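What follows is one structure encoded as structure tokens, with my remarks underneath.
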Amino acid sequence: MQLRLNPSVKDNQIAALAALAIGIHVLESVLPSPLPGLKPGFANIITLIAFAKYGLEAAAWVSVLRVLVGSLIIGTFLSPTFVLSLSGALASIVVLWFVTKIKKIEISLFGIAVLMAMAHVFAQFIVVYWFFIPHEALINILPILLSAAVIFGVLNGVIASKVYEKLKPEC
């Protein structure tokens with residue numbers, strides 16, 4: 001018996017977005033960082049576009065596949081780096097889930113990007129504190145990390161909004 005899958009155009013487009021996010025994730029892994037783990041999160045732009053174009057489920061697939069496949073490519077699967085990346089991605093997905101549940105307030109991609117970046121950093125901070133460095137002094141770098149999250153969230157939100165506007169006629 002042969003199993004046949006018939007992916008739709010939407011499935012192919014989501015797979016292409018996931019591949020693009022994985023590529024960006026891998027490229028970003030070689031960028032130098034002023035603080036350990038501090039990266040701009042450009043792959044999250046693709047997650048935002050997937051969310052805007054196809055919804056929460058597609059964005060979750062893109063985000064989780066980016067972390068899983070990206071970690072396999074760069075050799076960090078099941079390492080602390082993988083755990084941190086996955087925790088941040090899951091926190092971002094939770095933000096997207098809340099955004100879909102809040103019907104009374106419309107939040108732009110720009111606002112969603114900032115919320116996702118802050119959730120991503122905060123989740124990583126909690127994981128680092130609970131599992132890797134349970135020291136009170138760690139709290140001293142949280143304002144720096146959250147400030148960077150806001151800056152990168154703004155940057156990613158601007159880029160995602162501009163790219164999505166260019167894609168909108170095709171939606």
Hey, what angle do you get for helix 43-54 against the long axis of the chain, alpha-carbon based, 0 to 90 degrees rounded to 10?
40 degrees
Label points 7 Å out from Cα along the Cβ direction at Thr81 and Phe132: separation in nm?
1.1 nm
Helix-only mean residue ellipticity at 222 nm for the chain, each DSSP H run of n ≥ 4 adding -39500 (n - 2.57), per residue, nearest 500:
-23500 deg cm²/dmol
Can you list, largest first and rounded to whole Å, the semi-axes you get for the range 57-112 by taking the square root of 5 times each eigenvalue of its Cα gyration tensor?
27, 10, 8
Set of the range 128-171 residues, backbone N closer than 20 Å to the point 7 Å along the Cα-Cβ line of Ala16:
160-171
On C-alpha positions alone, give me the angle between the axis of helix 109-127 and the longest principal axis of the chain, in degrees, nearest 10.
50 degrees
If we count trypsin sites (Lys or Arg not before Pro) as exposed when they sit in a DSSP loop and have at most 14 other beta carbons within 10 Å, what is the longest stretch of the chain that avoids them all?
5-102
Between the range 1-36 and the range 49-96, what is the C-alpha centre distance in whole Å?
10 Å
Once both axes come from the Cα atoms, what is the angle between helix 80-101 and the longest principal axis of the chain, in degrees from 0 to 90, rounded to 10?
60 degrees
Can you put Ser87, Ser79, Ser8 in order, fewest other beta carbons within 10 Å first?
Ser8, Ser79, Ser87
Order by neighbour count: Met118, Met1, fewest other Cβ atoms within 10 Å first, most last.
Met1, Met118
Per residue, the convex hull enclosing the Cα atoms of the range 1-93 spans a volume in Å³ of 109 Å³
Cross-link reach from Lys166 to lysines, straight Cα distance under 23 Å and at least 8 residues apart if same chain, gives Lys10, Lys53
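Computed from the coordinates by the stated procedures, all read-outs in this text should not be read as laboratory data. Nothing here was measured: the structure is a model prediction, and the numbers come from that model. All Cβ positions, even for glycine, are placed from backbone atoms using ideal geometry, and neighbour counts span all protein chains on display.
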